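One structure is given below, encoded as structure tokens.
Derivation of every value follows stated rules applied to the coordinates shown; laboratory data play no part. A quick note: this is a predicted structure, and the numbers were derived from the prediction, not measured. Neighbour counts are summed over all protein chains in view; Cβ atoms, including those assigned to glycine, are modelled from backbone coordinates with ideal geometry.
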């Protein structure tokens, strides 16, 4: 015996979500069936509208609702320090610590040879253009301490060689294999405070 087609379709859609297998998708689908129709309508509306009004900041490349984004427009930010992150969620994790007050650049991903993503797939051209125009004195590489993050950090270190700037990366307050968006504020804060100089 199988579920009706509408439930099967919902389960199938939910299995496309990160870390959601068939059993978890089935539990989610059955949970949704128990919710009031008004709540389902709100969820459907939120999903349908999630991309409306979003854009990518033309300066830092983060997801935002305006460009330049509020961070890039903020005259109180330290304009000589640039923190490079892989994704917008990493930027938010760092902002939540309250320890960093400089600017950001979002790569939009990391080098991953398994998924055939290369350096040219990311926002590196806009990064180089920023460095040519803006008075950046320090770059902080705030990438996840896993194989892909370390590979990307090494690549960035290579292409930034020869520039008159301080290049640092986050200290190992973050365990190897961890993700910034799952780390607590204190751990990320300590990693920033104890960042290491690369050159």
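The stretch between residue 24 and residue 65 holds 11.5 nm of extra length on full extension. This uses 0.36 nm per residue minus the Cα-Cα distance. The modelled label-to-label distance between residue 40 and residue 184, using points 7 Å beyond Cα along the C-beta direction, is 3.9 nm. Seen against the Cα atoms of the chain and their longest principal axis, helix 5-14 is set at about 10 degrees. For the chain, the longest principal axis of the C-alpha atoms and the axis of helix 22-33 are separated by about 70°. Annotation: the antiparallel percentage among DSSP beta bridges lying fully within the chain is about 30.
What full-extension length gain, to one decimal in nm, is calculated for residue 73 and residue 138 as 0.36 nm per residue of separation minus the Cα-Cα distance? All intermediate terms of the calculation are to be shown ahead of the outcome.
Details: separation 65, 0.36 × 65 = 23.40 nm, distance 1.94 nm.
Fully extending the segment from residue 73 to residue 138 adds 21.5 nm.
Over the stretch 76-197, all Cα pairs binned in 10 Å intervals from 0 give whole-percent P(r) values of 13, 49, 33, 4, 0, listed from short to long.
What is the fewest-to-most order of 168, 113, 2 by other Cβ atoms lying within 10 Å of their Cβ? Display every interim value, and only then the final one.
Values: 168 19, 113 10, 2 6.
Ascending Cβ contact count within 10 Å gives the list 2, 113, 168.
Averaging 1/r across all pairs of distinct Cα atoms in the stretch 28-70 and inverting the result yields a Kirkwood radius of 12.4 Å.
Kindly state, to the nearest 0.05, the FRET efficiency for residue 176 paired with residue 51, given R0 = 30 Å and r defined as their beta-carbon distance. Display every interim value, and only then the final one.
Working: r = 34 Å, r/R0 = 1.13.
After rounding, the FRET efficiency stands at 0.30.
Between 94, 11, 139, where does the largest GNM mean-square fluctuation fall for the chain, given springs only between Cα atoms within less than 10 Å? Looking only at 94, 11, 139, the biggest GNM fluctuation is shown by 11. If the Kirkwood radius is taken over C-alpha pairs of the stretch 5-49, then at 10 °C and 1.306 mPa s the Stokes-Einstein diffusion coefficient equals 145 µm²/s.
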